[in-house]
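Single-structure report; data block below.
A short reminder: the numbers here are calculations on the coordinates, not readings from a lab. Note that the structure is predicted; figures quoted are calculated from it, not measured. Note: ideal-geometry Cβ built from the backbone for every residue, glycine included; neighbour counts use all protein chains shown.
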Amino acid sequence: MNTHPKHERTLIIVKPDGIQRGLIGEIINRYERVGLKLTALKMMIPTAEMVEKHYTLDPEWRMKTGLKSIKGYTDKGLKPPHADPLKVTEIVLEKLKEYLTSGPVIAMVWQGAHAAEIVRKLIGGTEPRSSDVGTIRGDFVLDSYAMSDSDGRAVRNLVHASGSAKEAEDEIAHWFKKEEIFDYKLLVEQIIYEKDLDGILE
């Protein structure tokens with residue numbers, strides 16, 4: 001089995017706000033510029049069931065997300081909506097389902113060395129307000145947890161990206177059939193990955 005890092009894949013979903021704001025090309029451009037390869041792409045309106053399945057592929061997601069949310073509230077001196085982490089996650093999941101089923105999304109598979117890590121770095125943190133300048137969320141979104149909590153909705157942050165290579169493979173299998181993912185070569189891959197840059201000079 002070939003385990004070269006260039007074969008790593010990750011899932012990216014441009015969320016409804018990313019499409020409505022006309023940022024599809026800008027988002028794709030960021031991944032292409034760094035040297036990742038697009039191997040699958042489709043537009044759809046996901047069902048609530050599909051969104052819930054996506055977030056619960058990891059059986060520990062509900063507990064981890066609930067605990068993280070509660071900590072976020074208490075760190076800010078705020079009272080969490082519930083003391084039970086699973087009840088908190090239930091609220092979070094309902095908001096995410098409303099958000100991601102509100103319009104079309106674009107699901108994509110990107111391939112390349114350290115794909116999951118690189119994509120997360122390019123996107124920025126989950127909260128746009130605290131994301132660094134130069135990241136997708138830091139450059140194009142001004143939403144915050146404070147604002148989304150006040151409005152009773154999910155934070156609008158343009159894009160979902162897999163958290164790890166393992167998570168990516170599970171998510172890719174959820175969103176794509178094998179025959180929808182293409183294996184092909186890009187000429188630029190020789191420059192990015194080959195040990196010797198033979199063939200540049202005539």
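Take the residues of segment 171-202 that are closer than 17 Å to residue 115 by Cβ and free of Cβ contacts under 8 Å to residues at least 60 places away in the same chain: which is farthest from the chain's Cα centre (by Cα)? Here the answer is 185. Among the residues of segment 138-150, not a single one is surrounded by 13 or more Cβ atoms within 10 Å (Cβ to Cβ), in contact with a Lys or Arg (Cβ under 9 Å, 6 or more places away or on another chain), more than 29 Å from residue 45 (Cβ to Cβ) and aromatic (Phe, Trp, Tyr). Checked against the criterion of being closer than 18 Å to residue 93 by Cα and surrounded by 14 or more Cβ atoms within 10 Å (Cβ to Cβ), the candidates 30, 62 yield just one match: 62.
Scan segment 118-138 for residues that are acidic (Asp, Glu) and in contact (Cβ under 8 Å) with a residue 24 or more places away in the chain and the total you get is 1. The listed residues are 167, 202, 189, and the only one of them that is surrounded by 13 or more Cβ atoms within 10 Å (Cβ to Cβ), of a type in the set (Asp, Glu) and over 24 Å from residue 88 (Cβ atoms) turns out to be 189. Scanning segment 53-76 turns up no residue that is of a type in the set (A, V, I, L, M), part of a helix (DSSP H, G or I) and touching a His at 6+ places or on another chain (Cβ under 7 Å).
Figure legend. Inter-residue proximity from segment 7-30: first residues touching a residue at least 40 places away in the same chain (Cβ under 8 Å), second residues part of a helix (DSSP H, G or I) and surrounded by fewer than 14 Cβ atoms within 10 Å (Cβ to Cβ), beta-carbon distance below 6 Å, spacing 6+ or different chains. No pairs are indicated.
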